[in-house]
Every structure is written in structure tokens, then in C-alpha cells.
1. Using the number of other C-beta atoms within 10 angstrom as an exposure proxy, rank D:109, C:146, C:366, C:186 with the fewest first.
2. Stokes-Einstein diffusion coefficient for the protein assembly as shown at 25 °C in a medium of 0.890 mPa s, Rh from the Kirkwood formula over Cα pairs: what value in µm²/s?
3. Among C:291, C:158, what is the fewest-to-most ranking by other Cβ atoms within 10 Å?
4. Taking a cut-off of 30 Å, what percent of all Cα-Cα pairs in chain C are separated by more than that?
5. Within 10 Å of each residue's Cβ, count the other Cβ atoms and sort A:60, C:353 from fewest upward.
6. By per-residue mean of other Cβ atoms within 10 Å, what is the highest-first order of C:377-387, C:316-326?
7. So what's the angle, to the nearest 10 degrees on a 0 to 90 scale, between helix D:190-199 and the longest Cα principal axis of chain D?
8. Let me know the volume per residue of the alpha-carbon convex hull for chain D, in Å³.
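Every number in this text was worked out from the coordinates using simple rules, so none of it is lab data. Everything quoted here is computed from the prediction, not taken from an experiment. Because the Cβ atoms are built from the backbone with ideal geometry, glycine has one as well, and the counts that use them run over all protein chains shown.
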């Protein structure tokens, strides 16, 4: 197995773990974390393909990862703020019990 | 496939799996930081020093702390202790299927013969990254800056308790 | 580089040469490992000893500032007090609260100390004396520093005590608030040196004009940046007057109240190590690292590491002096100061550094100086005036007294 | 301008720091085991038993009346009355404590035992270094350890001891006079002796306040 293949497999595994968490957990915060994990899996792909790709001097993978991390940070901040606002309304972070559309 | 890679991969997978599987939400977040640290180690192993340190700074220093705060602010002791959704079997099956598909695709993409020779890690200095950010990627950088500012203000406004702000009193009810 | 090192005298390079001599005797396969171990062991010895010296210095200094004697029983002039304290901490019972989260409770001090030690990896403590010269050294330092917050949270949360949780919350809120100005205050030095590597930053400050060193401290943005850095560093290391997280009189010790014996000592050690590390970063960024303060031969022959530790000792004494003088801030004062004064000033300072870089230096250096200083001084005065605004206090009325 | 107050404060602490090495009268610390503060006369902490004369056993004033034992709020006094009697300060045969223990780990230094003692036998001590390696037996002071001479009492509380001595001397003189008077005509009735004994506490109690 080549290093690149190992990285890609690891990234696929991370993505699957994140996906599993996102669709199975009830706690909204952990669902958000699952989404972060999937983003991280993508980042790992970018870095691995930059490292073992044909043009490492172009820095594309690194740039994409940096921007992705920034977007993920913004997403986490807004997401957690949304969860707080929802908690204030529903008094729970259990997604199965946030089942009303009426405010 | 060196021992370093395997150790780091093991830390990452163990940390993230624990983060998705543990019962206590704070434990989940702490396990997640271990996973993120392992991932940062992988970035360092792959020669992306700047990204690795940024990963630690952003995920361990900021996102994990935010998540921990959110867990503690939304803690409801009276809630029934059910951590997984009713349809968790389906979720696990879907995630497993996704992994198997991806893994199969990756295995097929690499013919056993074409083992790429291990290239030396490309030397990237922070200077190069800075130059790239300021020349080729200056527009994305500006947009990211705008996005972060908007996210900051938006997060503050969303998380603000309407009861604390008299000007939002009408919206509260 | 090598030539310069040899010229600077073998006393200066004695440790570097000793390391090379030792490495030459190890087999090639073990060289990376041996190199790492040889670099790390002195660090593990020197800085904890400095911690021991600092504790006794602090207690004696604070005592004298309050017209007391300070510790004077153990050894001559009480100098062996840290040994006695260490033995006491070692043989004390290690009490873990029954309700505590055992694993997290155990790992919190370990991670705290580990993070505090790892930060030293990028700090140049002498000419050619740095464990790793990372390309993103300053970023590494701040990344490791952000791990400390997590260990503080772990300590506070796992103890299941209201005081430790309150202390942890305060500590994290304070550390996050002051980490932003800390990073922003160090940006000017990074901008000017054009590198995130600590070694490069020190080398950029190494020259002398006449006898005057090229430290970043001696520029308008350097003075302001250093001041802001100092304030943020005090807050970041939870020292008085920013010691709310462990205010003894209100929440008794903050996040490590439920720790006893050796784990408590570890927290204590890590706090001081963090203080030394932040001070060392301040020295690296603004005070020219290990370079001599005046370009005369009397000063430059002194080994570089001695200058580094002399500066560090100066920092320590300053922190002790501040601790002996200032009372603790209130939470709203702390946050207001960070967000309303330090942060705007740090941002302005970055702008001024850019101005400094692009104003021509050669003919009119004094004009450049005055312009930059004026751009910094005016907002500083305005902001400090706005901080001073008198609050209208109500007359307190008592319902049941009187 | 911001920071001037801080500078003033820093100057003050720096002055303290340097002047504390120069002028010795700035340092008010008393280095305890070697140096001690002068004894304050009103100081008191734990009770002790006063004896007259040279021998603690013979001259003990306590008559084992057990009033202090009953009055003691934390119940730290344990008294066992003797089977036989011996003459007290006034010369009257009285019981004496066969056992008199005070647990000073329980004692709260309230001085009630001193207030209620009709015989001026128990007084407050000033001895405060009572460290011991046995926290049970070592802090349980027995009769012998509790006994201190009247001279010692004079040493630690001179004014109070003189007042007590004056009152006791008056009592003794009164008793001697009564004895002499009784020896001359006829022995006094037992009721009269009892009355004079009962009246003893009154003057001393008045003076100790």
C-alpha cells in the first residue's frame, strides 16, 4: 500500500465515522462535531494529494485546507450559537425532540 | 506506510471514534481533541507544518473549547439518557456502506504495481504560503475575512439572549 | 553562521560544541534520537530549577515589599525552601475527590505540564541554542499555548467542584480574551522580521548602530507592542493583577483546588513554566533574544545564554514587582480592558508597523519615528480617557440595616 | 493618563523593598522561637491548678467540689473525688482531687471554670506551646501537669494574683480568729462554721471581676 493510499483510506474512515456520528447521535453539538469530522477528512485528502501529487510547489492543497479550516471555524461558531438559541427555545439539545416547526 | 503514520492514524481514528461513541458529551469533545491532535500530527508528517499548527490552534484551542462551553451551557440533567437515535442501525449501515464504497474505489484506483516512489517532502516555508495568500489567493483571503467577520457578528447576535437586550423585546415573543 | 559562532568565542558555544562532541560518539542510527535527548534534558533540568529559584525569589521579594522577612528558615537565608516544599508536595497524600472523573482528573495536570514544556522547543536560549528551528515557530508556540486552555478546562470540570468549575470558566474566558491581543501584539515583530521562525526574528535584531542594538523595543511600535505583550502575557499566565481564575480570597485556588500533593505541584510548576515561556517569547520578539543590550565588547563577550537568562530574570522580577503592587481586577474591568483597550491598540500597532516599513528610513529617520509615535499616542490617550469614564454610582440603600 | 496610579504603586513597593534592607524598624516581624513578644498580663488560654507552698501534692487548693466539671461547657474536665480528707488553705479538712484531668484539645478557653471556682484553685495559664506527638494522651493534662505554684501565678498575672492572695489571707485571718475565739469559750456550732465556709467565695469573686 502506498502512503497516499493509506492517507486516502484513513480519510475515508474518518469521513465514515463523522457520517455515522452525524446521522446517529441525538445531541445537536455532537452532530455538529460529526460534520466537522467530515470536513477534516476532506482536509486530510487535500493535504495528502498535495504531498504526493505531481505539483507540490503549487501549494493548492495547503491553501484549500487553510480556507477550509477557516470556514470550519466560522461554521462551528455559528452552529454552536444556533444550538444555544435552539436550546433556549426547546430546553433541550436532543434533535429528536426538536420536532416542532412552530416557534 | 511507516510506523509514525500508523501510530498517528491509530490516535486519530481512536479519538474520533470515541468522540462519536462515548456517552458523556464532554468526554466526546475531549476525545475529539485527541483525534484532532492526531490529525495535526498527520499534517506535520505530510510536511504541511503551517496547516498542522493551524489545525491545533483552531480545533483544539477554539472549536473544542467552544463545543465544551456549548455542552455545559446546554446541560439538562433531567433529560433521558439516550445517546443514539432510534434509527442508529440504519445510520451505522449507511456510514459503513459509504466507507466500503470509498475504500473499494481507492483500492481500485491504485493498481498494485504502481507503487509511487517515496518523494522527499516538498519544503514549504511560511514565506511561500504568505506570498501565495497575498498574490494568487488574495481574493479568497478577503472573502474568508469577510466570512469570519460575518460569522462572528452573526454568532453573537444569534446566541444573544433576547431577554438581555431591550431592543429585541418585540422579537422575543 | 558557523564562522560567526566560532568568532564569538568558545565559551559562548560550549554547550553546542559539547553536544556535537557527544553526538560524534553515538552511532549514526541513534543520532536523531540522541540529538533530541541531549537537547531536551538540559531544558528539563534548567527550567524547573529556575522555577524553584523563582518561588523563593518571589516569596522573599513579596515579603520585602510588604516589609516582611519572607522565608528564612530552611537553609541559609531560606534558600532551600523550594527543596522543603518539593519534599512536602511529594510525600503528601494524593487526594482525588470521590465524584471526580478519574481519568480526566489525572490527565489534566499531565497535559498542562507537557504543553508548558513543549513550548520551549522553539525558544532560542542562546546563539545556536534552540531545540528545533521551526519555520512556523511562533505559530507553534501559540498552538501549544492553546492546549493549556483545554487542560485547564479538564482540571476544572473533572473535579466536580463549583469552585474549580468557576475558576476554570474564568481562566478560559480570560485566556481566550487575552490570547487574541497576545498574538496581535506579536504580529508587528513578525512583520518586521518577515519570518515566523524565532531564530530568524532574533537574528533580525542582532546588529548594532554604534552601540545601540537593533531591538524592536526601540521603535514606536516596538514599545507599544512590548507593553501590550507584557499586559497580555501577565493575563495569559494568570498572574496578579489578572489572577481572577485562582483568586485565593474568592474561589480559593480556582481550577486546581481539588488537586493535592504532587499533582498540585505540577500545576504550580506548569503555571510558572508558562510564565517563563511567555516571557522568553517576549524577549525573543522585542528584546533581541540572546543578544547583548549594548554593542560594546565588554557586553558582547558575555555568553549569549547568560544574556537570555538575565533578561528572563528581569521579566520574573518585574512580574513579582507587579504582583506585590497591584490589586486584583474585577471581571468586567478585565474583559473591558482586553476588548476595549488592548485589542484596538494592537490592531493599530500592526497598521503602524506597516507604515514604519513603507516610510523611507534613510534620510528622515526621526520624522518616521515622530509620525509613527504620534499615530500611536493619540488613540492611546483617547482610549485611556474612555476607559476612565466615571460611572454614575447609585447611593446604596439598606432595607433592614439602620 | 492611564497608568500613573500603577507607577505610583510600583514606586511605593520598590521603596518598601529597598528600605526594608536599610532600616530595621520597618521589619516588624518577631522571629518566634528565638524572639518572643513581651507577655501581656491579660493573656490567657488554658486552665491550671494553683498550689500553695513548695509541694504540689500537699498545697493544692482544689477541694474536688466538681463545680467546674459541671459548669464546663465542652465538658473537658474530669474529676474524681478522694476518699480521705486533708486540710485545705484555711486549714479545714477537705476532699482533694484523686484525679483531675483537662482535655485541652476540647477546652475552649472560656474561663467559666475560673469564674465558678469558690476556692481560687483553678486559674488561666498563658503557656501556649503545648505540642505533642500523641494527640490523645499528650493533650490530656493530668493533675500533676496542671499544677503550678502560686509564685508562677504571681509571675503571669501579678495584679490578679495579689488580689486573690489578699482575699485568701483575709479568709485565713478570719478563720484563725474564729478558731481562736472558738478555742477560748466553747466550740462553735457546726452551723456557724458552715456559714463562714459558704461566705468565702463572695469577696474573691467580687475582686476577680
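1. Values: D:109 13, C:146 22, C:366 8, C:186 27.
Least crowded to most crowded, the residues run C:366, D:109, C:146, C:186.
2. Working: Rh = 33.5 Å.
Roughly 73 µm²/s, to the nearest whole number.
3. Numbers: C:291 25, C:158 28.
Going from least to most buried by this count: C:291, C:158.
4. Pairs farther apart than 30 Å: 48 percent.
5. Working: A:60 17, C:353 24.
Exposure proxy ranking, most exposed first: A:60, C:353.
6. Numbers: C:377-387: 13.3, C:316-326: 19.2.
Top of the packing list down: C:316-326, C:377-387.
7. Between helix and principal axis, roughly 10 degrees.
8. Details: hull volume 41.6 nm³, N = 209.
Taking the convex hull of the Cα positions in chain D, it is 199 Å³ per residue.
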